[in-house]
Amino acid sequence: MNLEGAMTAIVTPMRDGSPDYPALERFVESQIAAGIHGIVAVGTTGESASLRVEEHLDVVEHTVQFAAGRVPVVAGAGANSTHEAIALSEASAKAGADALLQVTPYYNKPTQEGLYQHFSAITEASDLPIILYNVPGRTACDMSAETVARLAKLPRIAAIKEASADMHRASEIVRLCGEEITLLSGDDFTAFPLLCLGGKGVISVVSNVMPDRVVRMCNAAKQGDWEKAREHHYSFQVLSELLFIESNPIPVKAAMHLLGMMGPEIRLPLTCASEQTIERLRACLQGEGLL
């Protein structure tokens, strides 16, 4: 399975307090029509921390159904409890997911050995490829390049979504792991630099809004056209910054509502975007000719 290129960490549309599956279907279709290389369902951007377990798995199942095998669907299945992560992984496999996104356990702050044992246990319980997810800004847990290298030797550890924004860390992962693991950017603003360092793609928030540009950047980099890839990177730099001026996915859900793709609803404890954020997003989208 090809877990590289431009993969969208999709939002979860909401309507009247529940996932909006007709909006999700329209959204998945629009992503595939734009040439996206993969879809990540119920990650951070999909409000995984706020959905009930049954909702979480329903969103995965519906996303798989709507994608219909045209692109890989990666299911967010991480938890700070190893037993819960295994249970979510098994259920995601039954729902038809092609791969799993496994975040470093949050809050309980495991050691590097604990991280190794956690992910090792998940590989033993699931047959699906696993994308590790390192995002210390959200989890208060940072996985070292050395631990990634240990994990890369395990069967089914296929890739890592590195969201530390640390270019030295990314370089060390490539140096220590070589082709044993696929390096993916977990931040849109670091996607191009990581591609230059040997990364193979990005799990993107921006591509909810501008999938074609993120696709073109990744395609250009794969073809070795670095000037064109750099041009595409800068073409969505302003939007990339705006999508993180409030906690993700608050701004991106506001942007998708402005584009008429879905309602503005978001699950507490997150709240809808401020009027100031909405107006800044509106001005950006108008300037890009999207409104």
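Things to note:
- Nearest-0.05 FRET efficiency for Gln223 and Leu270, computed from C-beta distance (R0 41 Å): 0.60
- Secondary-structure-derived ellipticity at 222 nm for the chain, considering helices only, amounts to -14000 deg cm²/dmol, per-run term -39500 (n - 2.57) for DSSP H runs with n ≥ 4.
- Point-to-point label distance, Arg138-Met1, nm (Cα→Cβ direction, 7 Å offset): 1.9
- Highest average first, the peptides 173-180, 199-206, 141-148 ordered by how many other beta carbon atoms sit within 10 Å of their residues are 199-206, 141-148, 173-180.
- Efficiency of FRET from Cβ geometry, Gln286 and Arg156, R₀ 41 Å, rounded to 0.05: 0.35
- Stretching Ser247 away from Arg70 to a fully extended chain increases their span by 60.6 nm, per 0.36 nm per residue minus the current alpha-carbon distance.
- Normalised by the number of residues in the chain, the average gap of Cα pairs under 8 Å and 6 or more apart makes the relative contact order 18 percent.
- Stretch gain in nm, segment Glu124-Glu146, where the contour uses 0.36 nm per residue and the Cα spacing is subtracted: 5.8 nm
- Sorted by Cβ neighbour density within 10 Å, fewest at the top, the residues Thr139, Thr45: Thr139, Thr45
- Given their separation in residues at 0.36 nm each and the Cα-Cα distance between them, Glu29 and Tyr107 gain 24.5 nm when the chain is fully extended.
- Fewest-first ranking of Tyr234, Tyr116, using other Cβ atoms within 10 Å as the exposure measure: Tyr234, Tyr116
- Pair Ser171, Lys94: separation of 7 Å Cα→Cβ label points (nm): 4.7
- Most mobile of Thr82, Thr111, Thr12 in a GNM of the chain (Cα contacts under 10 Å): Thr111
- As a proxy for reagent exposure, Met261, Met210 were ordered by neighbouring Cβ count within 10 angstrom, fewest first; the result is Met261, Met210.
FYI, it's all coordinate maths here, none of it is from the lab. All figures in this text were calculated on a predicted structure; none of them were measured in a lab. We place every Cβ from the backbone using ideal geometry, glycine too, and count neighbours over all the protein chains shown.
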